[in-house]
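Report on the following structure.
The values are calculated or read from the model by the stated rules, or taken from the named source; none is laboratory data. Every value quoted in this text rests on a predicted model; they were computed, and no experiment measured them. Quick reminder, even Gly has a Cβ in these numbers, built from the backbone with ideal geometry, and neighbours come from all protein chains shown.
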């Protein structure tokens, strides 16, 4: 055995970037450092200008990503007392679709004096929502043309994804579109900066850019039908060569090595996405085990050996999560956000006082009170659509519902009903996968919620009737990236030759297992049948009251 | 013109009794006094004993009613400096069905040493709910037999009414039933005490004891089908002679005159009920003008010249409100209670703090915030069934629903949606009346809510599309009783010969009128169509999810 070897995982989030230094032999997270982006999420005024942004803009400054490298990598080395020479590989993950236009050399247009004042020259991050008109039109045209790839995405392309965002720029700032040598996912841009290599990854290409391993992108005819100027968008602004996850993108350039105090040539993996890179970090590299990242929203990922079309999912991508498998993704747009909404708007002063006096937060208090009940005891049922429905119905215009209230309904009852509603939503996703041929035998949870809310975990086990285990890492995306970094380095350099090889060494689960309790599951089966009935009644067109109320609301507000 | 003449209205409520001294000439309320019942609502331990009462018992001590006479009548005379000689008449109103067993002399059994320790010998008040099994069985048998009178009561006799309460005693304490010379409504018992005359009133007989002016009581066969021992209950424990409202019951006995500092022989009117006696006090003695008593619950009363069977109402009784008319009653079991529930369970600390710092209560604050919105703006819709549905569906097992919630839904939005839900419930009642031939052209509101919540009043006007006026009196039941007292005295004594004659002199409305605003009504018409649809979907059997959840809740709780 040689000296200890390390890999670094770099996780680029919405507000900050994080580096985690990981021991390649056992996955131990030796050190970590976070750097908040200097310009943060730019949604108000363009930095250094007075230029105000429209309401639904969300931009970033790509220079902030480089700052993350410059600051956090040396910081973790220092913290751990590790020499940069002992870091064998680096992996990165990013939010997505987070995209930017660059010049031929990969320089972001917004870093060039002549484009600095144009918002469309900056990075549009995932939650930039100004391309909704383009997304609507794209979906219309795709439906009219009967584009088969639509089915892989639940029948709907999101305004958050690549082509609506590019088209928006073409419509609003055609000069930027013209000036762009190409468009890149930030996930690929950071790899280009680190290695000098453009290696577009299969994850963002598949989930965000309608790319398919066998069929490639939609045809030029389709893009031409959107706008004649878009006909050749793939060939002129993107690239048709896509690289599967797990490959090495290249070695660290000398300039980057100097910036980060690492060795030039240090292996860098193909880019990845924060959610998807968490899957191997949660020990999952085979079909049948669903990973759920639980936080403000839920993201569900599961692998399959075959391609199935599952209605209403976010996407199925070959090599999209783990090379050699079809990666399936689904999501719930509102989970922790439900509980936060309730606590923010409806938590009672007496509860707040009790929480304060006991030094716990309100969520803990309500969880504690809610945990004293048995399933079915509060008599409530909610539909978890406070922020629309992302899967299975794929409808942002659906809204939340609570039913069963009486004069004896208490705050903790509603809190518990909201937790249960999100569990029913997850079960609906699992059932839909299974009906379509994608097995879900077990669940592995990661993200912020599993740590904080044991009641929620037990309810998910009871409602889904499946065992749930929890990732041992509190920073699964960064750990997953480090694992891919070790794979990029390869066994010869002290790493691993595949992600399958890396997992048993580097990824771990906690010992605790949440097991379904039979008498709970019996009760929840009955309530879930009611949920399913109302889900279909309000969600599949039998009674579109939610949409009508929302439309009415829009008309009333326009009347301002 | 002679000296000023006065009438006294006595309003016997749930927790206390009130006397109001009224100037007969102009209805001015000269003085009022309240006396809380010494034993209050007896729902825990029988007074002077260790005898614990079952959960759903609610009793009173009839001696407390006499105390109200002894204390409040001299108090109002003293306050106003009025001589008892100048009081020409007394009227009374009571909660109902509030009933008691007495001996031949009208002495309550619970006042006799041998029965004092038996809970069934005491007054069962309106909210005594222990007779639910008897009510269920009574309804079953009545349906099986196709009893036509059921239709007059929305198809269901309440456990709060007379015969279930009598039958409960027969089942649980047959010795009390045997010992009772008769059963009386407290409304009639107090009149008996004051005058020595048993004069059963048409209001409680009609609304609470299934009596009909032409058909009388249900047949002895029906009572025999309930229980052979009940076959002759009407003849042995009640009486078939019923007196219409507006008549004189008799004169004050010398003993009562001494107790109250009034003149012996002072006219006393037939007994009445708190809700119904409010109708003339709100100026209504003709068809087409609905009186709504708005408080914790809503009670709707309207007069008709003919008898119509209106589905799902609380009752239609000839002479039940105003002599010569059919009095229709409907109700919503949860109105102010909705708002109180929300404030108690869900009002946020920040709102509580703001209310405190501004010296207003939370209801005022939420009303103020909710008033800033236009109809339809919050996007919410609620079904006002937190306490079941009393009319039109007559179903205690229905529960509340809120739909349309998003992450931007605020406390004041929900508060407003709950107000609107109760307005939709009232519109449903009005529409049902009108479809059945009972006109409702205008609304007169009284009770506690109209004083406190102007937003609510405007919403009711906008939702129902009808003008709403408000009774000038803050104590309409007592004023109504005083009016009937003046009628009992008659014109010769300085009063009036009929309630129709009394109204223009003694009853007044406030100047303010809530008028429907056309653009609000347009929006509310659209939302009401959605309410109606969901009302029928959840309320008429298409989806009985509320009942199934409630039943499941019951099973889970029994599992304790």
Filtered residues of the stretch B:380-397 (kept if more than 22 Å from residue B:431 (Cα to Cα) and either more than 8 Å from every other protein chain (Cβ to nearest Cβ) or modelled with pLDDT under 95 (or both)): B:397
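Residues are listed down the side, and each one gets a yes or a no for (1) within 19 Å of residue A:87 (Cα to Cα); (2) out of contact with any strand residue (DSSP E or B) (no Cβ under 8 Å at 6 or more places or on another chain):
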{"site": "A:21", "(1), (2)": "yes, no"}
{"site": "A:24", "(1), (2)": "yes, no"}
{"site": "A:29", "(1), (2)": "yes, no"}
{"site": "A:42", "(1), (2)": "no, no"}
{"site": "A:46", "(1), (2)": "no, no"}
{"site": "A:50", "(1), (2)": "no, yes"}
{"site": "A:54", "(1), (2)": "no, yes"}
Matching residues in the stretch B:48-65 - criterion: being farther than 19 Å from residue B:161 by Cα and surrounded by fewer than 18 Cβ atoms within 10 Å (Cβ to Cβ): B:48, B:49, B:50, B:51, B:52, B:53, B:63
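I need the full set of residues from the stretch B:23-56 which are assigned to a loop (DSSP other than H, G, I, E, B) and over 30 Å from residue B:131 (Cβ atoms), in order please. Break it down stepwise before answering.
So the first thing to find is which residues in the stretch B:23-56 are assigned to a loop (DSSP other than H, G, I, E, B), and the list is B:24-28, B:37-41, B:43-44, B:46-51, B:53-56.
Hits for the stretch B:23-56 are B:24, B:25, B:26, B:27, B:28.
Taking the options B:353, B:377, name whichever one is within 12 Å of chain A (Cβ to nearest Cβ), part of a loop (DSSP other than H, G, I, E, B) and surrounded by fewer than 23 Cβ atoms within 10 Å (Cβ to Cβ). Give the derivation first.
On the way: B:353 fails: part of a loop (DSSP other than H, G, I, E, B).
The match here is B:377.
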The lone exception for residue A:424 - which of (1) under 19 Å from the mean Cα position of the chain (by Cα); (2) within 14 Å of chain B (Cβ to nearest Cβ) it fails: (1)
Conditions (1) within 14 Å of another protein chain (Cβ to nearest Cβ); (2) in a helix (DSSP H, G or I); number of the one not met by residue A:456: (1)
Residue in the stretch A:296-314 that is at negative phi, within 23 Å of the chain's Cα centre (by Cα), assigned to a loop (DSSP other than H, G, I, E, B) and within 14 Å of another protein chain (Cβ to nearest Cβ) present: yes
Sole exception among (1) in contact (Cβ under 8 Å) with a residue 60 or more places away in the chain; (2) in contact with a strand residue (DSSP E or B) (Cβ under 9 Å, 6 or more places away or on another chain) for residue B:37, by number: (1)
Matching residues, the stretch B:1-22, being part of a strand (DSSP E or B) and surrounded by fewer than 19 Cβ atoms within 10 Å (Cβ to Cβ): B:16
Candidate set from the stretch A:550-560 (those that are out of contact with any helix residue (DSSP H, G or I) (no Cβ under 8 Å at 6 or more places or on another chain), facing another protein chain (nearest Cβ under 7 Å) and without any contact (Cβ under 8 Å) to a residue 60 or more places away in the chain); member that is surrounded by the most Cβ atoms within 10 Å (Cβ to Cβ): A:553
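Per-residue answers, yes or no, for (1) at pLDDT 95 or above; (2) over 30 Å from residue B:478 (Cα atoms):
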| position | (1), (2) |
| --- | --- |
| B:505 | yes, no |
| B:514 | yes, no |
| B:522 | yes, yes |
| B:529 | yes, yes |
| B:535 | yes, yes |
| B:544 | yes, yes |
| B:550 | no, yes |
| B:556 | no, yes |
| B:559 | no, yes |
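Residue under question is residue B:400, and the condition is that it be within 14 Å of another protein chain (Cβ to nearest Cβ) and surrounded by fewer than 24 Cβ atoms within 10 Å (Cβ to Cβ); does it hold?
Details: within 14 Å of another protein chain (Cβ to nearest Cβ): yes; surrounded by fewer than 24 Cβ atoms within 10 Å (Cβ to Cβ): no.
No: the conditions fail for residue B:400.
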Which listed residue is under 24 Å from residue B:16 (Cβ atoms), surrounded by fewer than 24 Cβ atoms within 10 Å (Cβ to Cβ) and touching a residue at least 12 places away in the same chain (Cβ under 8 Å), from B:362, B:259: B:259
Residue B:451 vs. criteria surrounded by fewer than 24 Cβ atoms within 10 Å (Cβ to Cβ), more than 14 Å from chain A (Cβ to nearest Cβ) and either at pLDDT below 95 or on the phi > 0 side of the Ramachandran plot (or both): yes
Within the stretch A:129-154, considering residues that are out of contact with any helix residue (DSSP H, G or I) (no Cβ under 7 Å at 6 or more places or on another chain) and closer than 16 Å to residue A:55 by Cβ, the one surrounded by the fewest Cβ atoms within 10 Å (Cβ to Cβ): A:133
Filter pass, residue B:318 being more than 21 Å from residue B:446 (Cα to Cα) and more than 14 Å from chain A (Cβ to nearest Cβ): yes
Matching residues in the stretch A:409-421 - criterion: being within 9 Å of chain B (Cβ to nearest Cβ) and either under 30 Å from residue A:287 (Cα atoms) or assigned to a loop (DSSP other than H, G, I, E, B) (or both): A:409, A:410
Matching residues, the stretch B:503-515, being touching a strand residue (DSSP E or B) at 6+ places or on another chain (Cβ under 9 Å) and either within 10 Å of chain A (Cβ to nearest Cβ) or crowded, with 16+ Cβ neighbours inside 10 Å (or both): B:506, B:507, B:508, B:509, B:514
Pairs, first surrounded by fewer than 21 Cβ atoms within 10 Å (Cβ to Cβ) in the stretch A:464-477, second assigned to a loop (DSSP other than H, G, I, E, B), C-beta under 6 Å, six or more apart: A:465/A:516; A:467/A:515; A:472/A:508
Residue within the stretch A:512-523 that is within 15 Å of residue A:293 (Cβ to Cβ) and either free of Cβ contacts under 8 Å to residues at least 12 places away in the same chain or assigned to a helix (DSSP H, G or I) (or both) present: no
Condition met for residue A:528 (within 14 Å of chain B (Cβ to nearest Cβ), out of contact with any strand residue (DSSP E or B) (no Cβ under 7 Å at 6 or more places or on another chain), surrounded by 15 or more Cβ atoms within 10 Å (Cβ to Cβ) and over 19 Å from residue A:418 (Cβ atoms)): no
Residue match in the stretch A:165-184 (condition: crowded, with 19+ Cβ neighbours inside 10 Å, in contact with a strand residue (DSSP E or B) (Cβ under 9 Å, 6 or more places away or on another chain), outside any loop (DSSP other than H, G, I, E, B) and modelled with pLDDT under 95): no
Residues being surrounded by fewer than 19 Cβ atoms within 10 Å (Cβ to Cβ), within 9 Å of another protein chain (Cβ to nearest Cβ) and assigned to a helix (DSSP H, G or I) - total across the stretch B:535-549: 2
Residue ID - farthest from residue A:9 (Cα to Cα), chosen from residues in the stretch A:83-127 that are under 22 Å from the mean Cα position of the chain (by Cα) and in a loop (DSSP other than H, G, I, E, B): A:122
